[in-house]
Structure formats: structure tokens, C-alpha cells
Amino acid sequence: MKKSIITSAMALALVASGGSVAMAGEQGVQGLCEGGYVNVASNTGVGFQQATGLNSSITGNRGVTLAISTSTTFTVTGTVSANTDISVGAALAAVKVNTGVSVAASKAGTTSASGAWVVPDTMNVGRLQIGAMKYRGSVTRYRESASCARTKVGTSVSYNVPKNEWHFMTSKVS
């Protein structure tokens, strides 16, 4: 019991200091060179994806206030190429641990966020969009020895998944 409390405290201190804690197997926090399996996510990019659904984008001329309705249901989908070594759930957990961002295989729902933007005078036409920031990269499973040596196990999985919150993007059309 005492060892698990100390290990948990060390893991929390590591995460708070900007380090990463790997996910052991399909459950719990491990790492810290205790042996076992760890899943490590490497994030290779972030980008915006407009949501599907009516009124997820609106355009207007300079000086016009553009707004996205809060009563519309939007969806942003993602992909995770799970395999026999790493499940979808374990991959998403590793992404959250290594990036500090809550992600999902897809994001859907009626937005409770609202966005309004006045098209500036520097644009003839502007666009306001709702969507989500998407994170992409890969998750690799390692067998970790008690001496902290890691050996890759199986095939890495790739992910391209949305952050679990809505995001507004503005752009110049002309």
C-alpha cells in the first residue's frame, strides 16, 4: 500500500512538472521503471476541422456581424487505427497523458458555445466556422524493464482525433 501511494505521488509530480506518465497495459498509471507495458503517444500535428452540419460556417461582407447558432448539432469525426497490441481506448488515454488534451474518437452534439465576429474593414468577405482542433500522431507500445529500458512491441497505431471542445475559426474569403 505504501509503495503505491509513493508511486502515485511521484506520477502526479511528474505530470505536474510537464513530464509524461505512460499507461500500463490497458489500465492504471505505471511507468517509473517498474516493468510492464507502456503506451507512448507522439503528437505530430494539430489542425482545425470544420464541423459537419447546417450552419457550421457563415460568410459575410465587411462590417457584418457573423454568428453561429447555439442550437445546431455539429459533428467532427476522427480515426484511430487500433490493432491487437493497442486498443482505441488505450491509444486515446496515451494521447491525453502525453499531450494534456482530452480527445475523443469523434465529437458530436449541440454546441453550448456561441461565437460572433464582426468582419473587419480589411476584408471584403469573411468567414466564421465552428469545429474542433484535431490532433494527429502515433501511439507505440513498449515493454519496459525494471532498469527503464524500453523495447517496442508490435505495430504503432495512428490517430487523428478531435479535442473534446468546440473551436471557432475566422478567415478571409476575399
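For Val153, nonlocal amide neighbours, meaning residues 5 or more places apart or on other chains whose placed amide H falls under 5 Å from its own, are Arg141, Tyr142, Arg143.
Accessible surface ranking for Leu128, Leu54, 1.4 angstrom probe, highest first: Leu54, Leu128. Once all protein chains are placed together, Val40 keeps about 40 Å² accessible to a 1.4 angstrom probe. Of Met169, Met123, the residue with the largest accessible area leads and the full order is Met169, Met123 (1.4 Å probe). Counted by Cβ distance under 15 Å from Asn43, the other residues give a net charge of +4, where Lys and Arg count +1 and Asp and Glu count -1.
How charged is the neighbourhood of Gly78? Take every other residue with its Cβ under 11 Å from the Cβ of Gly78, and add Lys/Arg as +1 and Asp/Glu as -1. Let's see the in-between values first.
Working: positive: Lys107, Lys134, Arg136, Lys163; negative: none.
Charge balance in the 11 Å sphere: +4.
Provide the net charge surrounding Thr151, with neighbours chosen by a C-beta distance below 12 Å and charges set as Lys +1, Arg +1, Asp -1, Glu -1.
+3
Counting heavy atoms of the protein chains alone, Cys148 has an accessible area of about 70 Å² for a 1.4 Å probe. Restricting the calculation to alpha carbons of the stretch 109-174 gives Rg and Dmax of 20.8, 63 angstrom.
The values are calculated or read from the model by the stated rules, or taken from the named source; none is laboratory data. For clarity, every value in this text was computed on a predicted model and none was experimentally measured. Because the Cβ atoms are built from the backbone with ideal geometry, glycine has one as well, and the counts that use them run over all protein chains shown. Calculation scope for accessible area: heavy atoms of the full protein, side chains included, ligands and nucleic acids excluded. Shrake-Rupley method; radii C 1.70, N 1.55, O 1.52, S 1.80 Å.
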